[in-house]
Amino acid sequence: MHYMKTKKKCSALVVGFLAIFSVCVGFALFKRSHKAEPSLRFVSIIFRHGERAPDKPLPPGLHEDAIFWPEGLGALLQRGKENMFELGRSLRYRYDGFLSSKYIPAGIAVISSDVDRCIMSAQLLLAGLYPPEGIQKWNPDLPWQPVPVHSLPPECDKLIKVTSHCPLLMEERRKRLQRLKEIVEENEEFLSYLSQKTGVVITRNLIKDVLSKMKQKTDSEAKFSRRLNVYSGHDFTLISFWQNANISQEITDQPLNGAALLIELHEINGKYRVKILYKKHPKDEDLLVLKTVACQNYSPEDDMCDFDTFSSALQSSIFTDFDAACQIPNEQ
């Protein structure tokens, strides 16, 4: 009799444990259930590179940089590599089905700032996004396949870091650096904080590129088969896009390493709509919905905006002629 009571208690405990386990698993699955809607037609992803070593030497005598940063100043750290791979895996989870599990060259384009940590971050993201399957498994001991990453030489970069020759930009940088110097002299203890906040503010070439690819997708005659554009950049790449796109939520903090903007194009009932999402960190499962100030007709059901309205509102933020905007004289 005592054995039967003990058995019933054990059974009850097991059932209770299984119930709690099921709830926990269900919650985990709920947190992980950020699947893209079937209406998705195109997506642009702008992200910041992974965690890195300092890009400048610390004060002499503090420590030997070579000891603490064996791969060099500005290089990706181990944690940065892991997180960028995780970002790729999380994007695979969200867009699986929309993006083929097989790497198809015509379906994706990846552009990176011509900086090692950005190029490596893009490569790691792609490793998580496109693990080889079937005939693309070229090495049974290596679950990785090569996916092209295109970078722009500094003298030609009008898109990501904007290091192409631009007198107007150089003048703005000079003014900002002068103002920064004055602020630092007033309060030197803010030096490290301010140095993290500096960056290029003119990246409206980037908005033009994102919009033009979305426009191509809405044109049935364009036969634009690509589904994904990836831009590997810096903290100021995200900040500049955020500000120039007039997103209503203020970006109050510096984007974390691996933070990503997801600009999605959807087709619903024959009309194209835009959804902007923000992933604060590769391991952050929550996606923050962003809205632009000028686009007021967001649907409360899906947080999307009419594409034509979205595009029209951003026309003032687009440089149709980079040289003209930079005040570069035409050569005769």
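Read-outs throughout are calculated quantities, based only on the coordinates presented, and are distinct from any laboratory measurement. No experiment lies behind these values; they were computed from the predicted model shown. As a convention, Cβ positions derive from the backbone with ideal geometry for all residues, glycine included, and neighbour counts pool all protein chains shown.
Values as computed for the structure displayed
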{"read-out": "Summed side-chain charge close to S299 - residues other than S299 whose Cβ falls under 14 Å, Lys, Arg +1, Asp, Glu -1", "value": "-3"}
{"read-out": "Out-of-range pairs (alpha-carbon distance over 28 Å; input K223/K280; K35/K215; K137/K213)", "value": "K223/K280; K137/K213"}
{"read-out": "Gained length - E221 relative to S100, 0.36 nm times residue gap less alpha-carbon distance", "value": "41.3 nm"}
{"read-out": "Spin-label model distance (nm) - N269 vs K56, 7 Å beyond Cα toward Cβ", "value": "5.5 nm"}
